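Taking it in order: structure first as structure tokens, then the write-up.
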Amino acid sequence: MSEGAAVDSDTTAADTAAADTRPTKIMYVAEATAHGGRNGHVTSQDGQIGLRVAMPPALGGDGNGTNPEQLFAAGYSSCFHNALILVGNRAGYDLTGSTVAAKVGIGPNKQRGYGLAVALSVSLPVLDKEVAAKLVDAAHEVCPYSNATRGNIDVTILLG
């Protein structure tokens, strides 16, 4: 893995913006291996994950296992929530009782492949709406999942 991306003189504004969200230093690397695709199993190198993967019934499977969309939803919701806690703490707020739920949808795209759409539902019950909205916006700028999906996957954030 590279420790950052060089930007040359032929880059566009979009390339520069993308480079700004890339890590300048890799602090941790997660590794997982899939066997059998969407009807198999996935394991992590450190042994913390060992899951059966199955197509959901909506996609013609038996649903007898997790699926990549559930794993993405779990990763995004926990990462976004941590980013929210980080920016909240920096601003002096205690976000105990807050939650982030993610819904990840999959469907065909115009290029004959498949795409994802994400909806994050954020609950900040102890904060007024204006403060909550500012923290959510700040978390969306900090969260690695948000940075990875920006301009690539439609992400809707609902504050409730």
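If you take the alpha carbon atoms of the stretch 67-160 and fit the smallest convex hull around them, that volume is 90 Å³ per residue.
If you run the Gaussian network model on the chain, springs between alpha carbon atoms under 10 Å, then out of 103, 129, 25 the most flexible one is 25. Based on the Kirkwood approach, the hydrodynamic radius assigned to the stretch 24-103 is 14.9 Å, with every pair of different Cα atoms included.
Highest mean packing first, where packing is the average number of other Cβ atoms within 10 Å per residue, the peptides 44-57, 71-84, 145-158 line up as 71-84, 145-158, 44-57. Taking the helices alone, the chain has a mean residue ellipticity at 222 nm of -10500 deg cm²/dmol, built from -39,500 (n - 2.57) per DSSP H run of at least 4 residues and averaged over all its residues. Converting the Cα gyration tensor eigenvalues of the chain into ellipsoid dimensions via √(5λ) gives semi-axes, longest first, of 28, 23, 17 Å.
Efficiency by 1/(1 + (r/R0)^6): what FRET value for residue 86 and residue 33, r their Cβ-Cβ distance, R0 = 41 Å, to the nearest 0.05? With a Förster radius of 41 Å, E is 0.85.
DSSP beta bridges confined to the chain are antiparallel in about 70 percent of cases. DSSP finds beta bridges in the stretch 67-160, and of those with both partners inside it, around 60 percent are antiparallel.
Here, each number is a calculation from the coordinates, and none is a lab measurement. Every value quoted in this text rests on a predicted model; they were computed, and no experiment measured them. With ideal geometry, Cβ positions are generated from the backbone for all residues, glycine too; neighbour counts draw on all protein chains shown.
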